[in-house]
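Chemist: I'd like to ask you about the structure that follows.
Values in this text are rule-based calculations from the coordinates and carry no lab data. Values in this document were obtained by computation on a predicted structure and should not be read as measured data. Counting neighbours? That spans all protein chains shown, and the Cβs are built from the backbone with ideal geometry, glycine included.
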């Protein structure tokens, strides 16, 4: 099969994606996902420092969604809370500036901010994603999307480390995911159309595709 040709349906996209990943020596595995035609966990970049990237073709959509989720270290979260308590203006500026940088990144994003107290923060996790519609999907677009997601993710990780330290090596809590888990006993019909994920290696779960539109 050639590496690039006109992609007109989901099966074409699935065949090409697997071919492109193999050609770049990228490790991946299929994940059971009732809401997707295919859901892959892919290690990118193909080094010891590689992170988990999700590659998903949702049902009833003519697109592929690539996204990655990162949980903020517990120690870094505590440093954010301390800054919020001692210098609220500086914390709000950091958060505002981070939102502006992500908005200018040409990616879709969600910041999970702690909401158990009256004060803003800490940043507990962040989702970065980018959809590619089938009529614009080719190997160049696919690989550059993976690369861009990784670079923006790495940039934000370094920004957090520079300001709030290296942390303690333990992922911190994420209020949004805790509250969603508690509500699973009363899932609505609209929630059933959302893509469910299960990240490994401390990468979180529960990506909501409705938030990247």
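Chemist: Subtracting the Cα-Cα distance from 0.36 nm times the residue separation, let me have the gained length for residue 178 to residue 111 in nm, one decimal.
Modeler: Length difference between fully extended and current span is 22.6 nm.
Chemist: What distance in nm separates the simple spin-label points at residue 49 and residue 32, each placed 7 Å from Cα in the Cβ direction?
Modeler: 3.6 nm
Chemist: Between residue 151 and residue 100, how many nm apart are label points set 7 Å from Cα along the C-beta direction?
Modeler: Each label point is offset 7 Å from its Cα along the Cβ direction, giving 2.2 nm.
Chemist: Expressed in nm to one decimal, what extension gain is obtained for the pair residue 141 and residue 85 from 0.36 nm per residue of sequence separation less their Cα-Cα distance?
Modeler: Extending this stretch completely gives an extra 15.8 nm.
Chemist: Moving on. Using 0.36 nm per residue, how much length does the chain from residue 11 to residue 23 gain when fully extended, once their Cα-Cα distance is taken away? Don't skip to the end; give the middle numbers.
Modeler: Working: separation 12, 0.36 × 12 = 4.32 nm, distance 1.83 nm.
Net length gain for the segment: 2.5 nm.
Chemist: At residue 92 and residue 159, where each label point lies 7 Å from the Cα along Cα→Cβ, what is the point-to-point distance in nanometres?
Modeler: Placing both labels 7 Å along Cα→Cβ, they lie 1.9 nm apart.
Chemist: If you don't mind, another one. Suppose we look only past 18 Å in the calculated P(r) of segment 1-86. What percent of the Cα-Cα pairs does that tail hold?
Modeler: In whole percent, the long-distance tail amounts to 55.
Chemist: Given a cut-off of under 8 Å on Cα pairs at least six residues apart, what relative contact order in percent is computed for segment 51-127?
Modeler: Worked out over segment 51-127, it gives 31 percent.
Chemist: Let me ask something else about it. Among 157, 7, what is the fewest-to-most ranking by other Cβ atoms within 10 Å? Walk me through the numbers on the way to the answer.
Modeler: Details: 157 16, 7 22.
Result, fewest neighbours first: 157, 7.
Chemist: Rank the residues 143, 80 as a footprinting-exposure proxy: fewest other Cβ atoms within 10 Å of their Cβ go first.
Modeler: 143, 80
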